[in-house]
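The values are calculated or read from the model by the stated rules, or taken from the named source; none is laboratory data. Only a predicted model underlies this, so the values are computations on that prediction, with no experimental measurement involved. Cβ sites come from the backbone with ideal geometry, for glycine too, and all protein chains shown count toward neighbours. These area figures cover heavy atoms from the full protein model, side chains too; ligands, DNA and RNA do not enter into them. Shrake-Rupley method; radii C 1.70, N 1.55, O 1.52, S 1.80 Å.
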Amino acid sequence: MVVNQFTKEDILQILSVIIDPEIPVVTIEEMGMLKDVKVNGDEVEVLLTPTYTGCPAMNLIEQDIKMTLASKGVQHVSVKLVYDPAWTTDWMTDIAKAKMKLYGIAPPLTSACNSERFTDNVIECPHCGSKQTQLISRFGSTACKSLFTCKACLEPFEYFKCH
Amino acid sequence: MTEQQALYKYCLRLGDNALVQSYRLSEWCSNAPTLEEDLALVNFALDMTGRAQALLTYAGEVDGNGKTDDDLAYRRGEREFCNHLINEQPNGDFAHTIARLLFVATYEYLFYSELMRSADERLASIAAKVVKESRYHMTHANDWAIRLGNGTDESQRRMQAAIDALWMFTGEMFETDAVDALLRDKNIAVDLGKIKPVWMERITEMVKMSGLSMPEGAYMQSGGLKGIHTEYLGHMLTEMQYLQRAYPDAAW
């Protein structure tokens with residue numbers, strides 16, 4: 001008889017190392033994408049919530065989860081995407097936001113700043129901290145970021161949009 | 001028609017609209033006027049792909065015959081697609097794409113804001129995600145419409161021509177049939193009659209802000225809900241479905 005030796009806590013512990021492939025300094029847990037883990041006998045179900053519906057990193061994250069768990073001997077793993085409740089940048093931990101800033105990405109303000117029409121929120125430069133910044137393009141290298149430039153240090157930077 | 005059949009059809013409609021838009025928007029990849037615009041339009045295409053994936057996956061589950069999102073995207077013929085005609089129209093010049101985005105994103109923002117209150121929990125949760133993305137699309141279209149409409153004589157002429165040309169496809173977005181009626185009774189479907197005046201008001205305001213004039217009295221095209229399309233959809237599907245048609249179940 002095979003005895004399942006993994007508890008939900010064990011699985012969460014193993015998954016705590018999985019990083020967001022788009023922002024390789026934060027984990028999916030810190031991003032608020034790891035919703036829950038269900039352990040049923042030797043079957044493990046991981047519930048993930050996508051940041052954006054078309055986020056191409058989801059497949060990669062799913063593979064990472066399966067490979068990481070497999071390397072620790074957890075075999076029967078399924079990953080399920082849950083949409084309810086919808087992910088928001090408010091779920092990002094403060095640690096994630098701090099790491100993101102150090103990495104050079106301006107972290108999101110609160111989700112309330114995502115108004116219907118474009119508003120001029122003050123986005124702080126992650127490099128020099130100046131508030132004299134300017135939006136270059138509302139869309140950047142990934143669906144979740146915009147492009148900014150700092151008028152003080154003249155460095156370009158990405159801003160993680162409120163969502 | 002049972003509730004299950006109606007819900008399947010409803011999900012297909014929404015999924016098809018997203019899929020067809022995704023394809024058209026992605027045609028701008030490497031062709032947009034500026035690099036930033038290229039990124040923006042392809043970002044939208046990606047949102048639409050994700051939306052199509054969520055909705056077509058659900059459609060397959062509701063249908064209960066084991067169809068996946070890929071089966072529905074790649075193995076249905078033109079007559080089985082039920083997207084709105086506006087979404088399959090060729091991109092035209094940049095102004096045409098912006099005009100379509102203006103009409104459709106405004107519609108979708110209003111539509112999905114209502115669908116968030118659907119009695120169907122799955123649709124409501126997908127809508128909650130989608131509405132945030134539609135808001136970006138709408139804001140972007142608004143900005144460009146204002147810029148092109150109030151820009152040079154040439155940009156104004158083109159923006160007006162685009163709005164005039166696509167206007168006849170806007171009426172169809174508010175058409176309803178037995179599917180809507182059945183699901184309306186169950187509080188699952190959106191009441192299109194409710195969003196129509198709001199859409200009209202917003203578009204009128206945007207057209208005015210863009211220094212353009214509203215198109216008048218056009219005959220409204222129709223047919224998408226019944227699978228009767230303009231010639232463009234067939235060509236699009238021929239290209240999009242080629243691989244799965246030629247090499248069924250091909251994977252990489």
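Taking the numbered list (1) in contact (Cβ under 8 Å) with a residue 60 or more places away in the chain; (2) among the hydrophobic types (A, V, I, L, M, F, W, C); (3) surrounded by 17 or more Cβ atoms within 10 Å (Cβ to Cβ); (4) farther than 25 Å from B:V62 by Cα in turn, B:L183 passes all entries but (4).
Would you be able to say whether some residue in the stretch B:112-135 is closer than 29 Å to B:M236 by Cα and surrounded by fewer than 16 Cβ atoms within 10 Å (Cβ to Cβ)?
No.
Looking across the stretch B:69-100, the residues that are under 16 Å from B:L14 (Cα atoms) and in contact with a Phe, Trp or Tyr (Cβ under 8 Å, 6 or more places away or on another chain) come down to B:H84, B:L85, B:I86, B:E88. If you go through the stretch B:46-63 and keep only what is within 8 Å of chain A (Cβ to nearest Cβ) and open to solvent by less than 20 Å² (accessible area, probe 1.4 Å), you end up with B:D47, B:M48, B:G50, B:R51, B:A54. Of the numbered criteria (1) within 7 Å of chain A (Cβ to nearest Cβ); (2) open to solvent by 20 Å² or more (accessible area, probe 1.4 Å), the one B:R158 fails is (1). Counting the residues of the stretch B:96-130 that are under 13 Å from the mean Cα position of the chain (by Cα), within 12 Å of chain A (Cβ to nearest Cβ) and more than 19 Å from B:L183 (Cα to Cα) gives 4. The strands (runs of 3 or more DSSP E) found wholly in the stretch A:1-94 and carrying at least 1 residues that are open to solvent by 80 Å² or more (accessible area, probe 1.4 Å) occupy A:34-40, A:43-48, A:76-81.
Note on the stretch B:1-103: enclosed helices (runs of 4 or more DSSP H) holding 3 or more residues that are under 22 Å from B:D143 (Cα atoms) are B:3-26, B:35-63.
At least 1 residues being touching a residue at least 40 places away in the same chain (Cβ under 8 Å) and either open to solvent by less than 80 Å² (accessible area, probe 1.4 Å) or away from chain B (no Cβ under 13 Å) (or both) is the threshold, and among the strands (runs of 3 or more DSSP E) wholly inside the stretch A:119-163 those reaching it are A:145-150, A:156-160.
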